[in-house]
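Each remark here refers to the structure printed beneath this line.
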Amino acid sequence: MGVVVEWLNAFLWGALVILGVFFVALVLTVVWGLIGATAKLSNSTVARGIANAYTTALRGTPELLVLLIVYFGSAVTLTSLAKFVDPSVKFVHIPPFWAGSFAISLIVGAYATETFRGAFLGVDRGQIEAARSLGLSPFQTLFYVRLPQMWRLALPAFGNHMNSLIKDTALLSVIGVEEIMYTADRATTITNKPFTMYLVVAIIYLAFVSVIIKTVALLEIHANRYLARAR
Amino acid sequence: MADKTSAAMIQLDRVTKSFGSFQALKGVDLAIERGQKVVVCGPSGSGKSTMIRCINRLEEHDGGRIVVNGIELTTSVKDIDAVRREVGMVFQQFNLFPHLTAAENLMLAPRLVRKIPRKEARELAMHYLERVHIPEQADKYPAQLSGGQQQRVAIARSLCMKPEIMLFDEPTSALDPEMIKEVLDVMVELARDGMTMIVVTHEMGFARSVADVVVFMDNGEIVEQAPPQDFFHQARSERTKAFLSRILTH
Amino acid sequence: MNFEISLIWESLPKIAEGAELTVRLHLLSLVFGTVLALGLVLMRISGIAILSWPAFAYIYVFRGTPLLVQVFLIYYGLAQFEFIRASPLWIILREPFWCAIIAFSLNVAAYTAEILRGGIQGVDQGLHEAGRALGLSTSQRFIHVTAPIAIRLSLPAYGNEMISLMKGTALVSLITMYDITGVARTIMARTFAPYEIFISAAIVYLGLTWLIQRAIAHAERRFSRYVRA
């Protein structure tokens, strides 16, 4: 275990990078999920078609492939755009941290779309009618009546999405993000102890996932507090 | 039928409404004056609920005119919001917001729509909770209240917007028998205070003691409308008589 | 930037060659993993601490860590130990193919065990009581009453797990193998046309996903004959 101690700092930094990706991707995931769910529930055939194509494609394509498409695709696009302006440019890319966060959020956002769609439908129609009959605008109804009720319904599934988010970060060393898989790889080449190093990675992920599971459980208790009957 | 005065608070002219191929309203005429209490009854599927839901635009009518307090219901969002501010609605299923306490349910619309500060909204809420006799339940969540209490909170929630008209869509149908009275009592008090009310209900006792006019609907049409004495004792239509004999015998 | 449709048509057949490996990895892992899951779920619901606790821990660990880490632990990690390299098992454990199969099977087992447990818990308690009232033994009740219903309840989630595994197989391209993604990455390194190449690969995966969905839908219809009116 002595070898691990020498690499502890590097693992710690890698873990911070993972946390960074997690939080950036989490915010984006919620955004894609809400947009996707709204589109799927809209009256517009076009919006529904786009949203269906999005969820079908992103849920049926390997995470690794999505990551490669986003990273190399954006790089090729940006490079050709840059060459248009300045022909001497060789290679332009989105920093791997951001490309990776974006890719992961796209993937999990497809699942969140379905979760949020179900949660929107799970809020009783009478709630919306009551709000409208009191004179609340559609936006006020969404913000004060529908969203506060739907997040309770979405929470269990969304907890799983958060676990997916954190676990998908393990792919990011493939595009050069210096997270803990990268640390383990570097540590292995020097110490020749791959099992030890990847075991450390596994333990770090297990810790993250445990924190998420515990947090979601507490949030569920909080979200359901008003449903507890007095009698 | 000729004297449709312009003073009518609610005026329906040949109102029609279809759901797909089902015609829920087949040209309904109704005029209600300020302060009048109208009880609407009829078998299920007769169009009673659809009619009052059209009055505050929870359903959009297809044909004819609906004028509420001088504002015609058109597709104009502004007009609809204006009408909704004038009209309170109480639902069969209460539709209280489960994530808010009783008081918060009452405070939400005054704060968001009337832009009243939180403290004043709280005072307003307490005032109306007292009016429905449950100020002590202010900080409970709907799930912690009985059905009768929930419906009274729902009535108070509508009153907080100081509507000129109150619509009741079968307000006691989802309640256990022992809770019906407490809700009806609140509605009787409201009627005494001069509120204009349309009540869809089968509580004929309530109709007898409170209504100015009883309306019987069947098949998307108003079959009969008359003051309670005439309605209950000398109904003209056979359909009305058949309905009354069914509903009054049990 | 130019997007060449023709490049998609050219690369599709080559990428489809990688599909054979993808499908082999998928089917083998699915079979091994599901068998393992049956044992795990029986341990998990046995009510005997010495059986249920290890099953719980196993499921928690394998669901709580990334699949890629599990693949690397087995493929790269095990070589750290001299006794493993000296053992006869090394013939298998040095092969990326078998390492991948082992990692995928262990992973699928954990998820599937949890899915089956959910299905078993979803069976109406009244049916147990009815079975007991009829004099069926515990194992008879499980085999003839609980299991058939639990399988039907578990099918949709199991279908998602099959798709999840299909996507997971793409990770073998990171341990020197040429599955769909592996082939695509090789072509990509030569042409540097990421959209065309990777989208071709995605199309092949979407085709496979579609097949799985069809299979599951078919199975669901079979298992829910008695639910339909």
Cβ pairs under 6 Å, 6+ apart, first in the range A:82-110 and surrounded by 11 or more Cβ atoms within 10 Å (Cβ to Cβ), second charged (D, E, K, R) and at pLDDT 90 or above: A:Ile104/A:Asp168; A:Ile107/A:Glu63; A:Ala110/A:Arg59
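Could you list, in sequence order, the residues of the range A:103-127 that are over 10 Å from the mean Cα position of the chain (by Cα), part of a helix (DSSP H, G or I) and not basic (Lys, Arg)?
Of all residues in the range A:103-127, those over 10 Å from the mean Cα position of the chain (by Cα) come to A:113-127.
From what's left, part of a helix (DSSP H, G or I): A:113-122, A:125-127.
Of everything in the range A:103-127, those that are over 10 Å from the mean Cα position of the chain (by Cα), part of a helix (DSSP H, G or I) and not basic (Lys, Arg) turn out to be A:Thr113, A:Glu114, A:Thr115, A:Phe116, A:Gly118, A:Ala119, A:Phe120, A:Leu121, A:Gly122, A:Gly126, A:Gln127.
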Options A:Leu68, A:Leu26, A:Leu16; residue that is within 14 Å of chain C (Cβ to nearest Cβ), assigned to a helix (DSSP H, G or I) and not acidic (Asp, Glu): A:Leu68
Long-range neighbours under 7 Å by Cβ, at least six apart or interchain, first residue on the phi < 0 side of the Ramachandran plot within the range A:47-58, second surrounded by 15 or more Cβ atoms within 10 Å (Cβ to Cβ) and among the polar types (S, T, N, Q): A:Ala51/A:Thr113; A:Thr55/A:Thr113
Condition met for B:Ile80 (at pLDDT below 90 and of a type in the set (Val, Ile, Thr)): yes
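Any residue in the range C:108-118 that is of a type outside the set (A, V, I, L, M) and closer than 21 Å to C:Leu25 by Cα?
As a first pass, look at the range C:108-118 and keep what is of a type outside the set (A, V, I, L, M): C:111-112, C:114, C:117-118.
Then keep just the ones that are closer than 21 Å to C:Leu25 by Cα; that gives C:111-112.
Yes, there is a match, as at least one residue in the range C:108-118 is of a type outside the set (A, V, I, L, M) and closer than 21 Å to C:Leu25 by Cα.
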Flag for A:Leu165 being more than 30 Å from B:Tyr141 (Cα to Cα), in contact with a helix residue (DSSP H, G or I) (Cβ under 6 Å, 6 or more places away or on another chain) and at the interface with chain C (Cβ under 7 Å from one of its Cβ atoms): no
Positions within the range B:88-98 being crowded, with 21+ Cβ neighbours inside 10 Å and either at pLDDT below 90 or under 15 Å from B:Ser49 (Cα atoms) (or both), in sequence order: B:Gly88, B:Met89, B:Val90, B:Phe91, B:Phe94
Near pairs, Cβ below 7 angstrom, 6+ apart or cross-chain, from the range B:137-149 (in contact (Cβ under 8 Å) with a residue 12 or more places away in the chain) to any residue that is among the charged types (D, E, K, R) and surrounded by fewer than 21 Cβ atoms within 10 Å (Cβ to Cβ): B:Ala143/A:Arg229; B:Gly147/B:Asp176; B:Gly148/B:Glu182
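May I ask you to verify whether C:Phe81 is touching a helix residue (DSSP H, G or I) at 6+ places or on another chain (Cβ under 9 Å), at pLDDT 95 or above and closer than 28 Å to A:Arg186 by Cα?
No; evaluated as a whole, the condition is false for this residue.
Every residue, every condition in (1) more than 26 Å from B:Gln150 (Cα to Cα); (2) small (Gly, Ala, Ser), yes or no:
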residue	(1), (2)
B:Arg34	yes, no
B:Val38	no, no
B:Ser49	no, yes
B:Gly63	yes, yes
B:Glu72	yes, no
B:Ala82	yes, yes
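Quick one: which of A:Leu218, A:Leu206, A:Leu172, A:Leu153 is within 12 Å of chain C (Cβ to nearest Cβ), more than 17 Å from C:Arg63 (Cβ to Cβ) and assigned to a helix (DSSP H, G or I)?
On the way: A:Leu218 fails: within 12 Å of chain C (Cβ to nearest Cβ); A:Leu206 fails: more than 17 Å from C:Arg63 (Cβ to Cβ); A:Leu153 fails: within 12 Å of chain C (Cβ to nearest Cβ).
It is A:Leu172.
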Failed item, numbered, when B:Asp212 is tested on (1) surrounded by fewer than 18 Cβ atoms within 10 Å (Cβ to Cβ); (2) over 23 Å from B:Lys241 (Cβ atoms); (3) in contact with a Gly (Cβ under 9 Å, 6 or more places away or on another chain); (4) touching a residue at least 40 places away in the same chain (Cβ under 8 Å): (2)
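Taking the residues in the range A:71-80 that are hydrophobic (A, V, I, L, M, F, W, C) and more than 7 Å from chain C (Cβ to nearest Cβ) as candidates, determine which candidate is surrounded by the fewest Cβ atoms within 10 Å (Cβ to Cβ). Give the derivation first.
Filtering the range A:71-80 for residues hydrophobic (A, V, I, L, M, F, W, C) gives A:72, A:75-76, A:78.
From what is left, the residues that are more than 7 Å from chain C (Cβ to nearest Cβ) are A:75, A:78.
Details: A:Ala75: 19, A:Leu78: 16.
The qualifying residue surrounded by the fewest Cβ atoms within 10 Å (Cβ to Cβ) is A:Leu78.
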Sole exception among (1) within 14 Å of chain B (Cβ to nearest Cβ); (2) in a helix (DSSP H, G or I) for A:Gly100, by number: (1)
Conditions (1) farther than 27 Å from B:Thr240 by Cβ; (2) under 20 Å from the mean Cα position of the chain (by Cα); (3) surrounded by 15 or more Cβ atoms within 10 Å (Cβ to Cβ); number of the one not met by B:Glu60: (3)
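Name the residue, out of B:Arg114, B:Arg157, that is part of a loop (DSSP other than H, G, I, E, B) and either away from every other protein chain (no Cβ under 11 Å) or in contact with a helix residue (DSSP H, G or I) (Cβ under 9 Å, 6 or more places away or on another chain) (or both). Break it down stepwise before answering.
Numbers: B:Arg157 fails: part of a loop (DSSP other than H, G, I, E, B).
Matching residue, one of B:Arg114, B:Arg157: B:Arg114.
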Residue that is modelled with the highest pLDDT [pool: residues in the range C:28-66 that are farther than 20 Å from C:Cys99 by Cα and of a type in the set (S, T, N, Q)]: C:Ser52
Residues within the range B:13-58 that are out of contact with any helix residue (DSSP H, G or I) (no Cβ under 7 Å at 6 or more places or on another chain) and among the β-branched types (Val, Ile, Thr), tallied: 6
Tally, over the range A:179-194, of residues that are surrounded by fewer than 24 Cβ atoms within 10 Å (Cβ to Cβ), within 11 Å of another protein chain (Cβ to nearest Cβ) and under 20 Å from A:Lys167 (Cα atoms): 2
Considering residues of the range B:24-58 that are of a type in the set (D, E, K, R) and at pLDDT 90 or above only, the residue nearest to B:Val90 (Cα to Cα): B:Arg53
Failed item in (1) buried (at least 17 other Cβ atoms within 10 Å of the Cβ); (2) within 25 Å of C:Gly39 (Cβ to Cβ), with C:Ala193 passing the rest: (2)
Answer from B:Glu189, B:Glu164, B:Glu178 - the residue that is more than 12 Å from every other protein chain (Cβ to nearest Cβ), of a type in the set (D, E, K, R) and under 27 Å from B:Gly45 (Cα atoms): B:Glu178
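For the structure I just gave you, tell me whether A:Val123 is within 14 Å of chain C (Cβ to nearest Cβ) and of a type in the set (A, V, I, L, M).
When the stated conditions are applied, A:Val123 does not pass them.
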Qualifying residue in the range C:75-93 (condition: in contact (Cβ under 8 Å) with a residue 60 or more places away in the chain, in contact with a Lys or Arg (Cβ under 7 Å, 6 or more places away or on another chain) and within 13 Å of chain A (Cβ to nearest Cβ)): no
Check on B:Ile134, within 14 Å of the chain's Cα centre (by Cα), of a type in the set (Val, Ile, Thr) and on the phi < 0 side of the Ramachandran plot: no
One residue from B:Arg152, B:Arg157 being without any contact (Cβ under 8 Å) to a residue 40 or more places away in the chain and closer than 30 Å to B:Gly35 by Cα: B:Arg152
Residue in the range B:83-96 that is at positive phi, under 17 Å from the mean Cα position of the chain (by Cα) and of a type in the set (D, E, K, R) present: no
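Can you find a residue that is under 30 Å from A:Phe195 (Cα atoms), assigned to a helix (DSSP H, G or I) and more than 10 Å from every other protein chain (Cβ to nearest Cβ) anywhere in the range A:45-62?
So the first thing to find is which residues in the range A:45-62 are under 30 Å from A:Phe195 (Cα atoms), and the list is A:61-62.
Next, from what is left, pick out any that are assigned to a helix (DSSP H, G or I): none.
No - not one qualifying residue is present in the range A:45-62.
The values are calculated or read from the model by the stated rules, or taken from the named source; none is laboratory data. Keep in mind it's a predicted model, so treat the numbers as computed, not measured. As a convention, Cβ positions derive from the backbone with ideal geometry for all residues, glycine included, and neighbour counts pool all protein chains shown.
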